[in-house]
Amino acid sequence: MRAAEWINLVFFSFFVIVSWLRPLTNRRRIAIVAIGTTGIILIVAAQVAPQFLPPFPVSVARDWLPAALMPMVYWQAGRFSSRVNESFQTRLQWLDDKLLRGWMPTLAAKPSYRWVAASLELAYLSCYALVPMGLGVLYLAHLRRHTSEYWSVVLPATYPCYAFTAFVQTMPPRLLETDSVRPSTGNIRTLNLWIVRRVSIHLNTFPSAHVTATLGGSLVLLRFVPNVGLAFVLVSIGIAIGAVLGRYHYTADVLLGAVLAVAVYSLQVFFL
């Protein structure tokens, strides 16, 4: 079993077990178990598939399987939602007020900021595609052999964000009337909001899973495909800034997410 499959198996199983230990409604518990069971079945199917199918297409499918399992782990974690941790949320808001309130209104008043905000919203929109695109880059560069290293950074950096969110819930700053930063409007932002309303768990992930996944994957590309990796890193930075200024995340989410991604990447490069 590949490292990425072990990681997914552990997290699916962890959430299933914990769902029976926490006071959840039957509907939520059934959803957690159903998602976890589906994920585990897919992982097991990947192990037995070579007995019935040609090895090469099965191997390729296993390369891409984590891209399908990641949102499943995210939705599984989201089913633990119970009540917002007001104290922790207040701390996140307080830090944003300290860091952003003094200069954001002035910046937002500048005519050029409209284009900056639109660019950052576009960068944030790319967060959904950037991780599978990174794997595609490895394929196009004939570096498929590094698929394991790619997922061994992306998954360990991202899944702790989901796990923390399962137990400590906060609302995204864009949904809080008390938030001191008002993002710019525009067509791209409208599209982003439409997407998060339909596919997100409507909770804030701390640290930001968007940052850990995209930056973690981009750092791997920077190592193996430097020119493309640099472009991916720059887009990842745009995602991080756009997440804060668009109020999809708090500043602390993004900063800690970046630290976590760099730490996991460094651990893989220097110690594994």
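Length available on full extension from F56 to Y139: 0.36 nm per residue minus the Cα-Cα distance, which gives 28.5 nm. According to the square roots a ≥ b ≥ c of the eigenvalues of the Cα gyration tensor, what is the shape class of region 167-272, taking rounded for a/c under 1.5, prolate for a/b larger than b/c otherwise, and oblate for the remainder? The shape class here is prolate. Annotation: per residue accessible area for the chain equals 49 Å², rounded to a whole number [probe 1.4 Å, protein chains only].
Please list the helices of the chain that count as membrane-span-like by this rule: a mean Kyte-Doolittle hydropathy of at least 1.6 together with Cα atoms stretching 15 Å or more along the helix axis, each helix being a complete DSSP H run. Span-like helices, by this rule, are 3-19, 127-140, 226-245, 251-271. Taking the empirical scaling 2.2 N^0.38 Å for compact globular proteins as reference, the chain has a Cα radius of gyration ratio of 1.04.
Calculated FRET efficiency, R197 to V259, Cβ-Cβ distance, R0 = 41 Å: about 0.90 to the nearest 0.05. Checking every one of the chymotrypsin sites (Phe, Trp or Tyr not before Pro) in region 44-76 against DSSP loop status and a limit of 16 other Cβ atoms within 10 Å picks out F52. Using the Cβ-Cβ distance between L99 and A49 with R0 set to 41 Å, the FRET efficiency works out to roughly 0.25.
Approximating the spin labels as points 7 Å out from Cα along Cα→Cβ, the L230-to-Y113 distance works out to 3.1 nm.
Multiplying the residue separation of Y128 and S184 by 0.36 nm and subtracting their alpha-carbon distance yields 18.0 nm.
The values are calculated or read from the model by the stated rules, or taken from the named source; none is laboratory data. Note that the coordinates shown come from a computational prediction; the quantities given were computed from them, not determined experimentally. Neighbour counts are summed over all protein chains in view; Cβ atoms, including those assigned to glycine, are modelled from backbone coordinates with ideal geometry. To get the accessible areas, we keep the full protein, side chains included, count just its heavy atoms, and leave off ligands, DNA and RNA. Shrake-Rupley method; radii C 1.70, N 1.55, O 1.52, S 1.80 Å.
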